[in-house]
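The values are calculated or read from the model by the stated rules, or taken from the named source; none is laboratory data. Just so it is clear, the structure is predicted and the values come from calculations on it, not from any experiment. Reconstructed Cβ throughout: ideal geometry from the backbone, glycine too, with neighbour counts over all protein chains shown. The protein model used for the area step is the full one, side chains on, heavy atoms only, and it has no ligands, DNA or RNA in it. Shrake-Rupley method; radii C 1.70, N 1.55, O 1.52, S 1.80 Å.
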Amino acid sequence: MSITVNGLDELKKLAGSDLGTSEWIEITQDRINTFADATGDHQWIHVDPDKAAEGPFGAPIAHGYLTLSLFIPLFTELLDVQGVTTKVNYGLNKVRFPAPVKVGSWIRLVAKLAEVEEVPGGVQIAVEGTIEIEGGAKPAAVLTSLSRFYS
């Protein structure tokens with residue numbers, strides 16, 4: 001379920017709020033291969049199912065940065081900021097990949113709007129996110145993402 005806010009003042013009021021949990025998305029071999037083509041990272045652990053089956057994880061795994069890149073589409077399921085002119089990614093304060101994401105796994109985002117601070121012309125938000133793996137003991141990624149919204 002998405003939270004919708006209209007403008008920076010409403011966004012500021014959400015500071016400290018849990019944003020909820022996104023829907024699950026599947027990590028397919030096709031998604032992994034497409035990411036490998038886009039980034040030029042064709043390491044066998046990602047794109048060679050036969051060799052990866054014999055590797056340390058027993059299957060191909062998603063690139064850590066593929067998992068990280070899915071933060072934005074998962075996050076936009078949780079928070080819709082309207083009434084602003086510009087939305088930009090500003091960076092990351094922390095990223096860790098505690099567990100690999102095997103092909104065929106399903107992942108989702110659990111997020112909290114940890115901070116909202118004013119910046120010239122807008123606000124910057126810090127979102128604490130955990131990308132979970134369905135049935136996994138450890139998350140795929142733990143991160144703090146920074147975004148800016150301008151009026």
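List of remarks:
- The strands (runs of 3 or more DSSP E) found entirely in region 1-105 include none that carry 1 or more residues being at pLDDT 95 or above, over 19 Å from ALA126 (Cβ atoms) and of a type in the set (A, V, I, L, M).
- Among the residues making up region 104-114, those that are closer than 11 Å to ILE27 by Cα and either open to solvent by less than 50 Å² (accessible area, probe 1.4 Å) or in contact with a Lys or Arg (Cβ under 7 Å, 6 or more places away or on another chain) (or both) are GLY104, SER105, ILE107.
- One residue stands out among those in region 133-149 that are buried (at least 16 other Cβ atoms within 10 Å of the Cβ) and touching a residue at least 60 places away in the same chain (Cβ under 8 Å): the one that is farthest from the chain's Cα centre (by Cα), which is PHE149.
- Residue in region 28-44 that is more than 24 Å from VAL5 (Cα to Cα) and touching a Ser or Thr at 6+ places or on another chain (Cβ under 8 Å) present: yes
- Search result, residues across region 18-36 that are more than 13 Å from the chain's Cα centre (by Cα) and more than 16 Å from GLY136 (Cα to Cα): ASP18, LEU19, GLY20, THR28, GLN29, ASP30, ARG31, ILE32, ASN33, THR34, PHE35, ALA36
- Any pair with Cβ under 7 angstrom, 6 or more apart, that starts in region 1-27 at a residue that is closer than 26 Å to ILE107 by Cβ and ends at one that is modelled with pLDDT under 95 and open to solvent by 80 Å² or more (accessible area, probe 1.4 Å): GLY20/MET1
- Among residues of region 115-132 being of a type in the set (A, V, I, L, M) and touching a Ser or Thr at 6+ places or on another chain (Cβ under 7 Å), the one that is nearest to ILE25 (Cα to Cα) is ILE131.
- Residues located in region 38-96, provided they are within 13 Å of the chain's Cα centre (by Cα) and open to solvent by 90 Å² or more (accessible area, probe 1.4 Å): TYR65, ASN89, LYS94, ARG96
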